[in-house]
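First the structure, in the form of structure tokens, and then the observations on it.
The values are calculated or read from the model by the stated rules, or taken from the named source; none is laboratory data. Note that the structure is a prediction, hence the values are computed from the model and not measured. When we count neighbours, we look across all protein chains shown, and the Cβ atoms used for this are built from the backbone with ideal geometry, even at glycine. Ligands, DNA and RNA are stripped out before the accessible areas are found, and what is left, the full protein with its side chains, is counted by its heavy atoms. Shrake-Rupley method; radii C 1.70, N 1.55, O 1.52, S 1.80 Å.
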Amino acid sequence: MAMIEEPLYPIAVLIDELKNEDIQLRLNSIRRLSTIARALGDERTRKELIPFLSENNDDDDEVLLAMAEELGVFIPYVGGVEYANVLLPPLETLCTVEETCVRDKAVESLCRIGAQMREQDLVEYFIPLVKRLAAGEWFTARVSSCGLFHIAYSSAPETLKTELRTIYSQLCQDDMPMVRRSAATNLGKFAATVEPAHLKTDIMSIFEDLTQDDQDSVRLLAVEGCAALGKLLEPQECVAHILPVIVSFSQDKSWRVRYMVANQLYELCEAVGPEPTRSDLVPSYVRLLRDNEAEVRIAAAGKVTKFCRILNPELSIQHILPCVKELSTDSSQHVRSALASVIMGMAPVLGKDATIEQLLPIFLSLLKDEFPDVRLNIISKLDQVNQVIGIDLLSQSLLPAIVELAEDRHWRVRLAIIEYIPLLASQLGVGFFDDKLGALCMQWLKDKVYSIRDAAANNVKRLAEEFGPEWAMQHIIPQVLDMTNNSHYLYRMTILHAISLLAPVMGPEITCSKLLPVVINASKDRVPNIKFNVAKVLQSLIPIVDQSVVEKTIRPCLVELSEDPDVDVRFFANQALQSSDQVMMST
Amino acid sequence: MNGGDEVVAAPVGPPQPLEWKFSQVFGERTAGEEVQEVDIISAIEFDKTGDHLATGDRGGRVVLFERTDTKDHGSSRRDLERTDYPIGRHPEFRYKTEFQSHEPEFDYLKSLEIEEKINKIRWCQTANGALFLLSTNDKTIKFWKVQEKKIKKISCMNLDPLKAVGNGSVASSSNSVCSKSYLANGGCPDKSSNDFSFPPGGIPSLRLPMVVTTHETNLMARCRRVYAHAHDYHINSISNNSDGETFISADDLRINLWNLEISSQSFNIVDVKPANMEDLTEVITSAEFHPTHCNTLAYSSSKGSIRLIDLRQSALCDSHAKLFEEQEAPGSRSFFTEIIASISDIKFGQDGRYILSRDYMTLKLWDINMDSGPVSTFQVHEYLRPKLCDLYENDSIFDKFECCLSGDGLRVATGSYSNLFRVFGCAPGTTEATTLEASKNPMRRQVQTPSRPSRSLSSITRVVRRGAENPGVDANGNSFDFTTKLLHLAWHPTEHSIACAAANSLYMYYA
């Protein structure tokens, strides 16, 4: 053994470390399993490496997870598809471990391998594996088996198909809720491979059992099954079998099931088609919008727009709009917030008249909501409002809302509204902005909270981009520069930050004439933090301004700072000087 | 005990009173040995099959016991031969393993010491022969997996010049030294191995390590998940849901719902914290899921009420579906009324129909279909009523006794002072009420008890059953030892076997 040749050392180490004490080394070896396999060659990989892995599966979960993943792409290393079956035994044992993520990965890898296997190999190796897992003593094996049926089924001969369907239906009635949950989750995939004739009989009866399970956690998974099965069935079948289930789910005793219906509503509507939706699901949806449980209303409110798109305007106005009105004054702020985030999308569905008549009052009341999230959600969709009703109608109510948010005592709310200011500016136009919002933007630069000042500086830059340098020269620069004499150094620092952001937008001329003198002046500040920030800002200005300005103004100032008593100031000044040297050299 | 009342009762049909016998003791104290605080048992729990028993102690340790009599016959034969009537084997346990579940901690934000004491243990679904359980202290719940691992030895490494082939005892340390030294000299193996072009048949000189499985096994306890930072107050209960994926944890004011697989978030489902803490009048003392209905859970309060809630109704279950409480008799109110009404423990019966509750003076059995009052009340501490003042002075009145039901739901048991525990029959017509001592001779106390008014008293009413059951104990001066209290006990899920904790000792009895 000691005779390993020099170039083989790395691979030899890698192999040895498959069994190292240190989990990191084992993990590393498993991750490079393909290298090991190539070094051993196809045949020894099949005959030695894979059995070795099958036997050594009591490792830590991290290692097993990695192994499950690697084996999924291992077909090329065992000699191609005709040998793919040798990969099944190690994955089969991984399908039985207790850790869910390992099992899921093993199932995923088995599906991936099964999808490439030859049909006779599937019958000979894969289907027996599925059957073994489904009959496993521990629930873990049975849970895993549910995810493999859709791969096994289509290539099975007729008798085996019948057996597989029977086994699946047994899994759906397993004693363990975990197994039933897994069966419910995978039912859609399995059903997609089953022939239409059996779909209507076997699968539908399995599905009906699941919809009546006494474990809420199983029933709510069956809700997703409705959408999946609905897509597979003929429209009339769907109306006959799926629709009643959806309707009864929407009145389930458990709010979690109703929540799932509300959450999946759009998919469910798609499954049953627009006509049955209009005739049968509207009452269900209205009930969900008026549910006792706030969580259900939140989910339902979030789907209002999507649902109305399926309906026609008359039905929407007649049935949905009254609920929306109620929801806009809901006792739960989260419901109102969910509604506010989607309500604007209803405008195009309802058309201009209905929007102005019905939707606008709701919209305005949400804009005055006591809860900031609700207002913010409305404002964030302002562009959609603008398209339908125009800003004039809104501006009266909009402005107080914005001002109030801008002064909210929670800094996160202020931060959120600052981020919408450029959007508002573009929608409202220069005139409106100058009158009302300009002052606010300046006020934020003097906020108590750093994040707000930081965002405000960024905001000033984005406004300058939006309205152009000329506008900025009039409405931003003087106000900003005014603040350089603030008595608090943190505010002076904010201004320096704003200048460094504005300079690229404003261009060299304005920078030299207006901004640079302020910065140079700040280099005389008594606070070292200001001074080293001056050095940083000057460094950022070097590429913008003309070389002569650098020579005449910036460098002398930096040289002076580089002799400052403060070590940090000297450091940043020297850094800036170095970078100016580099700029000079390159030009 | 074996007085006339059974003879009267027998023809009517209720089950015969059980005759309890000592089975086993673990951690028995020798005379004069002082009990270490950390060794005191603070939680006992059988698993669902009854094949395993777990105890937790104040030192944060969890000790597991496994049943031996079902696996082999050798150990119990001796007992079988000794007993002179044909009783089947009774559960016998042996020490399996132990592990340190919790360590003392310090919450720096709140300047609070967090004790390592195990408050509750709950078993989870077994899988692949591994045992799973939840243990909790005041703040943190942990999910443990205990598994037998075969000890494996590795040989035949590629790089191991020091060892001969087939030696079978290659120390892995030498391997790592070897590989590390290589890494140091030769750089990263990952990089160079990519440059290889391997011959199509592979490299024959490379070999895989050989793993030799020995017959020795090693029990490993691994903490799989830690559910932390969800409780502002002390956790008093944890309980698994029948759906196998969720559990609850309850503290004084809130109950949280967790998914076993997700330790980063939990949902608050009950919150009794008033907006103003000065308005606080009632705290949660215990909570448990219904054994089969995944959406039903019960919690008890310090005011003596039990609330049943339906998780289907809403996300935050502040309004209960059912309320069980007993109206206090008018005029009986005293300073202690509220303190002794506080429920220290509730347990569902296995069929989920009945809830057993323990307050300071009594055990009460409730039918979940009858919220007008308890089905039966068993007096446990009635004889202490005159002494409530002393008990209040020395804080004993706040002791939290647990209670348990037998698997068939026909009997209930709870602990008391002087290392005594009491078993009551609750089938209609029975008058069974036994007092046992957690010692090798459980019936010792019985002998001293003069069998005086028991017959007449017990026949008066089902509710007040043998109030002062043990006046003898009362009479003799040494009996009320408030320091030796039997707080924790558990009934085997399928057989008549009780495990109870007296300080640091675990006593097991069977009938």
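Express the carbon and sulfur contribution to the solvent-accessible surface of segment A:385-462 as a percent, rounded to the nearest whole number, probe 1.4 angstrom.
Working: 1650 of 3580 Å².
The C+S portion of the solvent-accessible surface of segment A:385-462 is 46 percent.
Have a look at segment A:147-182 and report residues whose accessible surface goes down by 10 Å² or more when the remaining protein chains are included, against the chain on its own, probe 1.4 Å, ligands and DNA/RNA excluded.
A:176, A:177, A:178, A:181
Once amide H atoms are placed 1.01 Å from N in the peptide plane, what residues at a sequence separation of 5 or more from residue B:301, or on another chain, have their amide H within under 5 Å of its amide H?
B:285, B:343
What dipole magnitude, in Debye to the nearest 20, does the protein assembly as shown give about its Cα centre under +1 on Lys/Arg Cβ and -1 on Asp/Glu Cβ?
Rounded to the nearest 20 debye, it is 280 debye.
Only Cα pairs under 8 Å and at least 6 apart count here; give the relative contact order of segment A:503-586 as a rounded whole percent.
Computed value for segment A:503-586: 30 percent relative contact order.
Classify segment A:280-360 as rounded, prolate or oblate, taking a ≥ b ≥ c as the square roots of the eigenvalues of its Cα gyration tensor: rounded when a/c is under 1.5, otherwise prolate if a/b is larger than b/c and oblate if not.
oblate
Which listed residue (A:324, B:262, A:517) has the Cα farthest towards the positive end of the charge dipole for the protein assembly as shown, taking +1 on Lys and Arg C-beta and -1 on Asp and Glu C-beta about the Cα centre?
Positive-most Cα among the choices belongs to B:262.
Starting from the amide H of residue A:147, placed 1.01 Å from N in the peptide plane, find each other amide H under 5 Å away whose residue is 5 or more places distant or on another chain.
Those lying under 5 Å, H to H, from residue A:147: there are none.
Which FRET efficiency value, to the nearest 0.05, do you get for residue B:34 and residue B:375 by plugging their Cβ-Cβ distance into 1/(1 + (r/R0)^6) with R0 = 60 Å?
0.85
What is the sum of charges, Lys and Arg at +1 and Asp and Glu at -1, for the other residues whose Cβ falls under 13 Å from the Cβ of residue A:200?
So the surrounding residues net to -4.
Compute the long axis of helix A:450-467 from its Cα atoms, compare it with the longest principal axis of the Cα atoms of chain A, and write down the angle in degrees, 0 to 90, nearest 10.
80
Any chance you could run the full-extension gain for residue A:234 through residue A:466? It's 0.36 nm times the residue separation minus the Cα-Cα distance, nm to one decimal.
78.2 nm
In square angstrom, rounded to the nearest 10, how much accessible surface does residue B:219 have for a 1.4 Å probe?
50
Residue A:306: which aspartates and glutamates have alpha carbons under 15 Å from its alpha carbon, excluding same-chain residues fewer than 8 sequence positions away?
A:267, A:270
For residue B:323, tell me the accessible area in Å² from a 1.4 Å probe, rounded to the nearest 10.
50
Residue B:214 versus residue A:62, label points 7 Å from Cα toward the beta carbon: distance in nm?
2.7
With the dipole of the protein assembly as shown worked out from charges on the C-beta (+1 for Lys and Arg, -1 for Asp and Glu) around the Cα centre, which of A:562, A:63, B:375 lies farthest toward the positive end?
Checked the options; the winner is B:375.
Take A:83, B:299 and sort them by solvent-accessible surface of the protein heavy atoms, 1.4 Å probe, largest at the top. Provide the component values of the computation, followed by the final result.
Details: A:83 90, B:299 10 Å².
Largest accessible area first, the residues go A:83, B:299.
For the protein assembly as shown, with every protein chain kept in place, what is the accessible area per residue (1.4 Å probe, Å²)?
Per residue, the protein assembly as shown has an accessible area of 43 Å².
Viscosity 1.567 mPa s, temperature 4 °C: give me the Stokes-Einstein translational D for the protein assembly as shown in µm²/s, with Rh taken as the Kirkwood radius over C-alpha pairs. Please list the in-between numbers first.
On the way: Rh = 35.9 Å.
This corresponds to a translational diffusion coefficient of 36 µm²/s.
Within 10 Å of each Cβ of A:35-41, how many other protein chain Cβ atoms are there on average?
Shielding by partners across A:35-41 averages 6.
Just to be sure I understand the model, the point goes 7 Å from the Cα along the line to the Cβ. What's the resulting residue B:226 to residue A:560 distance in nm?
5.6
Give the cross-link partners of residue A:105 among the lysines, using a straight C-alpha distance below 18 Å as the criterion and excluding same-chain residues fewer than 8 apart.
Excluding near neighbours in sequence, the set is A:189.
Quick one: compute the contact order of chain A, relative version, from alpha carbon pairs under 8 angstrom and 6+ residues apart, as a percent.
Working: 710 pairs, mean separation 28.8, N = 587.
With pairs under 8 Å counted, the relative contact order is 5 percent.
For residue A:536, list the lysines whose Cα falls under 28 Å from its own Cα; do not include residues on the same chain fewer than 8 positions away.
Straight-line reach from residue A:536, under 28 Å: A:446, A:448, A:461, A:514, A:524, A:552.
Let's test the formula: R0 of 51 Å, r as the Cβ-Cβ distance of residue B:395 and residue B:94. What FRET efficiency results, to the nearest 0.05?
Once the sixth-power term is evaluated, E becomes 0.85.
For residue A:214, tell me the accessible area in Å² from a 1.4 Å probe, rounded to the nearest 10.
Rounded to the nearest 10, that gives 120 Å².
Once phi is turned into ³J(HN,Hα) by the Karplus curve 6.51 cos²θ - 1.76 cosθ + 1.60 with θ = phi - 60°, what whole-Hz value does each residue of segment A:275-284 show in order, with x for glycine and proline?
4, x, 4, 4, 7, 10, 8, 4, x, 4
Output the pairs from B:347/B:400; A:19/B:96; B:364/B:400; A:325/A:368; B:21/B:48 with a Cα-Cα distance over 18 Å in this structure; if there are none, say none.
The answer is A:19/B:96; B:21/B:48.
Can you give the FRET efficiency to the nearest 0.05 for residue A:208 and residue B:323, using r as the Cβ-Cβ distance and R₀ = 30 Å?
0.25
Leaving ligands and nucleic acids out of the surface, order B:485, A:253 by accessible area at 1.4 Å, largest first.
A:253, B:485
List the residues, sorted by chain then number, that are 5 or more residues from residue B:426 or on another chain and whose placed amide H is less than 5 Å from its amide H.
For residue B:426, the qualifying residues are B:411, B:412.
Sketch the reach of a paramagnetic label on residue A:529 as a point 7 Å from Cα along Cα-to-Cβ, and name the residues of segment A:465-487 whose backbone nitrogen lies under 15 Å away.
Correct set: A:486-487.
Through the Karplus equation 6.51 cos²θ - 1.76 cosθ + 1.60, θ set to phi - 60°, convert the phi angles of segment B:491-501 into ³J(HN,Hα) values in whole Hz; use x for Gly and Pro.
9, 4, x, 10, 10, 7, 8, 10, 10, 9, 10
Under a point-charge model restricted to the Cβ atoms of Lys and Arg (+1) and Asp and Glu (-1), what is the dipole moment magnitude of chain A relative to its Cα centre, in debye to the nearest 20?
Computed charge dipole of chain A: roughly 1640 debye.
With θ taken as phi - 60° and the coefficients 6.51, -1.76 and 1.60, list the Karplus ³J(HN,Hα) couplings across segment B:403-419 in order, rounded to whole Hz; mark glycine and proline as x.
Per residue, the Karplus-derived 3J(HN,Hα) values read 9, 8, 10, 6, x, 7, x, 8, 9, 10, 9, 7, x, 8, 8, 6, 6 Hz.
With all protein chains present and a 1.4 Å probe, how do A:232, A:364 order by accessible area, largest first?
Numbers: A:232 70, A:364 40 Å².
Descending order: A:232, A:364.
Summed for both chains, how many Å² of accessible area, to the nearest 100, are buried between A and B with a 1.4 Å probe?
Chains A and B together bury approximately 5100 Å².
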